[in-house]
């Protein structure tokens, strides 16, 4: 709760500081604010918490704290990695950064909610700043299109969600997660009213994590948005969307497992195949990332499907590795700053800039689940805990990993191979901030799998 | 632990070595590692299991970080670490040796392979198994022939998908055990049906890497486009990981399925012997001849492993060593020919023996070892495996025995067409000192193993007795 307030205040302060027209000040404020928030979050890990404000609508469990730290960390990395983009238009820097911070506030709400109000509020606070940010590249037609598309589809899914919440309330008479759970488990609420409500909430959540068949917005939106915003959507929004999904469906609606698991099973299979098969043959980098992120949504949803005790921890590990890969790749694309975002402009950059090449190798092979990168361990944990109950699903997921390695590999080969004319390959000069981001990502990807808890 | 970390240390050290000394640093690094390994070998007594790293920590999903070696593990480590300097030495005069990235990748590969042989944990084994793919991929990508990209993709995706089979088996095991340490995995009792699937998963990974008959289609292409050093690494060293994995991991984890799989895998191995042998006879490209020869040889080794008795397994390890030495020698010869003539077509060669007698002699030594002539390392191992295959079933032994005939035909044909006959080329530079040294070292190994194979058999014997009791 206190971290949430700190992030919110930082966002406010950033807007005022932006009046000085000195982007660096905004950055410094945001960095300090986020670091304090991360520190406060970590301090709550200890028992009893060193310092804590509390509010009944929000509760940070242990796993919630882990997810919050990750969300704040990714926001932090995106802000400092994307600073070279934010500072381009001096008069807007403050707005961009504070919008991202406000969105992070929503992310924290969505992690810690204990009732449907906070869930809905969190979702909206998370999404609305991003609708704006997606369109922040005003002169670019694609950006405007993406913003509109995201807004319309997002608004529609919010409507479905609200409708679903209303049905669930109608059935159970409660907005509290505990209350809903109690009336489901004592059997008073069961009926078609509840079932329809749950399925509607599921549809809206699947939209947020861009799972098929609710994924059509994501390639266009990812491609149209500024790189930093794409990174934020892929890393943070997906992370909290997944956690909220997990929380609602394994805890609150866990007893209704028989209702939704069949539907989710089919959608996971669909999501994996749609994501991976569409990713083959993409020629734009961010579209490739979008389709790969659809596929990864499918893999991560297996953690929710498995209904094992440790699945929240497995999901955290999965999103950890996924987020670091995305942040690293997006930072590189910010450094490259190619308007067209074509695959071909990445040719040879890894060979000419060995450090960048190393990061590309790490993050793509982590996405492809090649050990010793963290992505492998995330996948292994999610899949192996689901193997007992759903072996066929896991086998299908493994087959999909095999498909996935193909397009990651084509990109790695393009980025790392020697070009005939080396002088055409740009020599990249990341700023110090971007170096910091890349190094943190590399450390995260290399050590992420070996946490001993 | 220094056994594992030394290669990584030298790989990182290369970043600060000036470009002039890179190739020297590479060799010195591998020699130092060899020295460390010899230190371990001297203090090792074959009956022991030595623990190298045992942190007593377990991750949430059961990774224990345990590392150690028994006789076979240490044998593979010393074989690998002894061959790395030879590979670097044989490439010493090529431009590739001056590349920092090449030397670094070779050392990282050595790191991963050492880790693989030392791993006493299923996940750790998988981690190192996949880690070897990255350096070989980069070596092939950076230094391979121009037409490499499609072939490289095929190679990578093929081996990666194979490994996913092993991953699936590990996932299936995860529900049955509290952690993945070697002891826990051995303690699992499986019903034959699930043992069959688990073994199949492992076999898919190993069969593709070896490669065993129907999974070999990536191999000739990849060997051909790879730089000479890459081919040596692939054929002499990486394939050993799979053979070792079959002995140490695949069969002991799921021994319940051994009887069911025995016939299947032995058949595939034997088919590979004949099939690859016949194809090798018809090839014109010298690298492809040796690539198919390699498939033929390892088919026999695979069949030997599945017999899973102590004698056959000791012969298998002898044959692994032999195959590594011979593969390096043959691909070195092929590399020399390709390098100096700019062609791999054996019809375009001829009469080289007259111009380059030293090369002809040392090439002949390797070729004879490849044919399993007595007093070379190939003889004892091949003989013992064939003998055991005969006692398994005489038909199997008879078909497998054809390897001796085929081996003689394709090796002698390749040697004769390239070395003798009417001279078709005017000039051919004879062996450089480093190539001569590499051939010499390999031949010493070949002859020692041929005359005194007991040195290997004693080393791996006690561990194999223990392992073959598992079923």
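Read-outs throughout are calculated quantities, based only on the coordinates presented, and are distinct from any laboratory measurement. It should be emphasised that the depicted structure is a prediction, and the values quoted were computed from it without experimental measurement. In this analysis, Cβ positions are derived from the backbone assuming ideal geometry, glycine residues included, and neighbour counts consider all displayed protein chains.
For chain B, the relative contact order comes to 16 percent (Cα pairs under 8 Å, sequence separation of at least 6). Measuring nothing but alpha carbons in the stretch B:2-468 and taking Rh as the Kirkwood radius, the Rg to Rh ratio lands at 0.95. Hydrodynamic radius of the protein assembly as shown by the Kirkwood approach over all distinct alpha-carbon pairs: 29.5 Å. Just to confirm the number: angle between the C-alpha axis of helix A:374-387 and the first principal axis of chain A, 0 to 90 degrees, nearest 10? That helix lies at roughly 30 degrees to the long axis. Working note: Debye formula, equal point scatterers on the alpha-carbon atoms of the stretch B:144-196, no solvent; log10 I(q)/I(0) at q = 0.15, 0.21, 0.27 Å⁻¹ is -0.57, -0.79, -1.05. Pairs of Cα atoms nearer than 8 Å and 6+ residues apart set the relative contact order; for chain A it is 14 percent. Volume per residue of the convex hull around the Cα atoms, evaluated for the stretch A:1-125, comes out as 88 Å³. I'd like the distance separating the alpha-carbon centroids of the stretch B:104-128 and the stretch B:232-276, in whole Å. The stretch B:104-128 and the stretch B:232-276 have Cα centres spaced 19 Å from each other. From the helices alone, meaning DSSP H stretches of at least four residues, give me the mean residue ellipticity at 222 nm for chain B, per-run term -39500 (n - 2.57), in deg cm²/dmol to the nearest 500. Using -39500 (n - 2.57) per qualifying helix, the result is -23500 deg cm²/dmol. Estimated from helices alone, the mean residue ellipticity of chain A at 222 nm is -24000 deg cm²/dmol (sum of -39500 (n - 2.57) over DSSP H runs with n ≥ 4, per residue).
When both the stretch A:37-89 and the stretch B:47-91 are represented by their alpha-carbon centers, they are found 41 Å apart. Put simply, the C-alpha atoms of the stretch A:2-450 give a gyration tensor, and the ellipsoid matching it has half-axes of 33, 26, 20 Å, longest first. Taking the longest Cα principal axis of chain B as reference, the axis of helix B:122-131 is set at about 20 degrees. Note on residue B:342 and residue B:451: the extension gain reaches 35.5 nm, defined as 0.36 nm multiplied by sequence separation minus the Cα-Cα distance. With the simple spin-label model, which puts each label point 7 Å out from Cα in the Cβ direction, the residue B:309 to residue A:429 separation comes to 7.3 nm. Distance between the modelled labels on residue B:147 and residue A:307, one decimal in nanometres: 5.5 nm (7 Å Cα→Cβ projection). Peptide A:132-143 has a mean of 0 when you count, residue by residue, the C-beta atoms of other protein chains within 10 Å of its C-beta. Computed on the stretch A:222-300, with alpha-carbon pairs under 8 angstrom and 6+ residues apart, the relative contact order is 37 percent. If I model a spin label as a point 7 Å beyond the Cα along the Cα-Cβ vector, how far apart are those points for residue A:422 and residue A:145 in nm? Computed distance between label sites residue A:422 and residue A:145 equals 3.9 nm. Dividing the Cα radius of gyration of the stretch B:171-319 by 2.2 N^0.38 Å, with N the residue count, gives 1.11. Relative to the dominant Cα principal axis of chain B, helix B:377-392 is inclined by about 50°. Neighbour counting of Cβ atoms within 10 Å sorts the residues A:115, B:70, fewest neighbours leading, into A:115, B:70.
So if R0 is 41 Å, what FRET efficiency would residue A:355 and residue B:402 give, r being the distance between their Cβ atoms, rounded to the nearest 0.05? E(calc), rounded to 0.05, equals 0.15.
Residues within the reach of a label modelled at residue A:263 (point 7 angstrom out along Cα to beta-carbon, backbone nitrogen below 11 Å), restricted to the stretch A:154-183, are A:164. Between residue A:450 and residue A:344, full extension at 0.36 nm per residue minus the direct alpha carbon distance yields a gain of 34.6 nm.
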